[in-house]
Amino acid sequence: MRVLFITPQPPWPARGGGLIKTRALVEHLQRWARVEVVCLAGLAAQKGEAPLPRPRGLGSFLRSLALGLPLSVYRNWSATVAWQVRGLLEGGFDAVVADHIYSAAYVPDDFTGRRLLHLHNVESLMWRREAQLERDPLRRWAVALEARRLRRYEAAQVRRFHRVFVVSEEELRELLALGLPEGRAGVLPNVPAPGLLGRPPLRYQEAEPRAVYLGTLSWRPNQRGLRLFLTEGLPHLQRLLPGSTLTVAGNGPPAWLSSLARSRKGVELIGAVDEDGEEALYRSARAFLEPVLGGAGTKVKVLNALARGLPVAATPDGARGLQVLPGRHLLVAEGPRELAEAVARLLSSPALWQELAEAGRELVQRLYVPDVAFRPLLEELGL
């Protein structure tokens, strides 16, 4: 079987949750079929087009309104690239997988093979949550408008595919609410970065009373949660457990985060790290902090920590969509002070730490590995 896999950005190297999932999907499919990967950004560059995705900003927002496209879709759309994809699909493919809602419009209705759509999240749900959390009135209006536009767009696009996959049962309900028949919807859970489960267990005694955060620092839901934890949660943690520290790592830290980290005792902001750097952080810490507020989908960084055996303290949004039991696989707390108390328990309780470390790894091994998580995709393709 020949499969064309269309994705906005190349998943090599896979830095960040979305790219980790995309790479895992591609590599798993390649075990069973001949897969050709097409990256929209790469096709645009080949034709001398403006880089995709287009930059954010007022200009892009206004042009998206004029074209009748949601902003995130407009930023990834090129008519020239669409013709290139159409030409590729005439080369005898049996199926096409569109990765992200941004890729959906590149699959023509007259393609005679199987048309599959993989959504990393239901974008309209993410924007709707952002509107609820946004304090600035003008921005809240714009975000709510975008949520409505995305919902209409998603409802139209998902009907064009033989089957649409999302990452959790919660998002499956959102997909069905868009009007897609139940028999054409499915779940492909996220998976952690490869290799984490195979590494030797971490040891509580060899780590410091430190929490670590690893994530994309340019994403607003992450920024919102980190700001609240640094200003309200961390002081409470250090009162509960003097000498405890926090290391924050990830791509794209804004200037305000750098300034806030410098002003807080016991905080280290180190920016982006490679795979070896991530492993060093996992080994040095006793807890993984996930303070995210907002967003959608499921958090690959939480799966990474669980797979590595580093116990997690998360907000409800951080655990959302994962088949976890609070207190069994990780700790869940709402509010910065409560989250700080959960972190303090992990930093100071060897028995609890060991129970969560083992249960988290067992859960990932059972549910969140490609052979299990991606089985519905192979079944849909008859592989």
- request: Determine the pairs where a residue that is assigned to a loop (DSSP other than H, G, I, E, B), located within segment 84-97, has a partner that is among the basic types (Lys, Arg) and surrounded by fewer than 22 Cβ atoms within 10 Å (Cβ to Cβ) with Cβ atoms under 6 Å apart, the partner being 6 or more residues away or on another chain.
  value: 93/2; 94/2
- request: Select from segment 128-148 the residues that are more than 22 Å from the chain's Cα centre (by Cα) and either small (Gly, Ala, Ser) or loosely packed, with under 12 Cβ neighbours inside 10 Å (or both) and list them in ascending order.
  value: 135, 136, 137, 138, 142
- prompt: Quick check: anything in segment 110-124 assigned to a helix (DSSP H, G or I), over 18 Å from residue 185 (Cβ atoms) and either at pLDDT 95 or above or assigned by TED's automatic domain parsing to the domain that holds residue 18 (or both)?
  reply: no
message: So residue 365 ticks every box in (1) over 24 Å from residue 163 (Cα atoms); (2) surrounded by fewer than 18 Cβ atoms within 10 Å (Cβ to Cβ); (3) more than 20 Å from the chain's Cα centre (by Cα) but one. Which box is left unticked?
response: (3)
- prompt: Just checking, which of 220, 210, 160, 152 is free of Cβ contacts under 8 Å to residues at least 12 places away in the same chain and touching a helix residue (DSSP H, G or I) at 6+ places or on another chain (Cβ under 9 Å)?
  reply: 152
query: Can you name the number of the only condition in (1) modelled with pLDDT of 95 or more; (2) within 26 Å of residue 297 (Cα to Cα); (3) over 23 Å from the mean Cα position of the chain (by Cα) that residue 93 fails?
result: (2)
query: Does residue 158 satisfy the condition of being farther than 28 Å from residue 58 by Cβ, β-branched (Val, Ile, Thr), under 19 Å from the mean Cα position of the chain (by Cα) and at pLDDT 95 or above?
result: no
query: Among the residues of segment 131-153, is there at least one that is closer than 18 Å to residue 99 by Cβ and of a type outside the set (Val, Ile, Thr)?
result: yes
query: With 247, 231 as the choices, which residue is crowded, with 17+ Cβ neighbours inside 10 Å, at pLDDT 95 or above and either in contact with a Cys (Cβ under 7 Å, 6 or more places away or on another chain) or not small (Gly, Ala, Ser) (or both)?
result: 247
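The values are calculated or read from the model by the stated rules, or taken from the named source; none is laboratory data. Remember, it's a predicted structure, so these values are computed and weren't measured experimentally. Cβ: placed from backbone, ideal geometry, glycine included. Neighbour counts: every protein chain shown.
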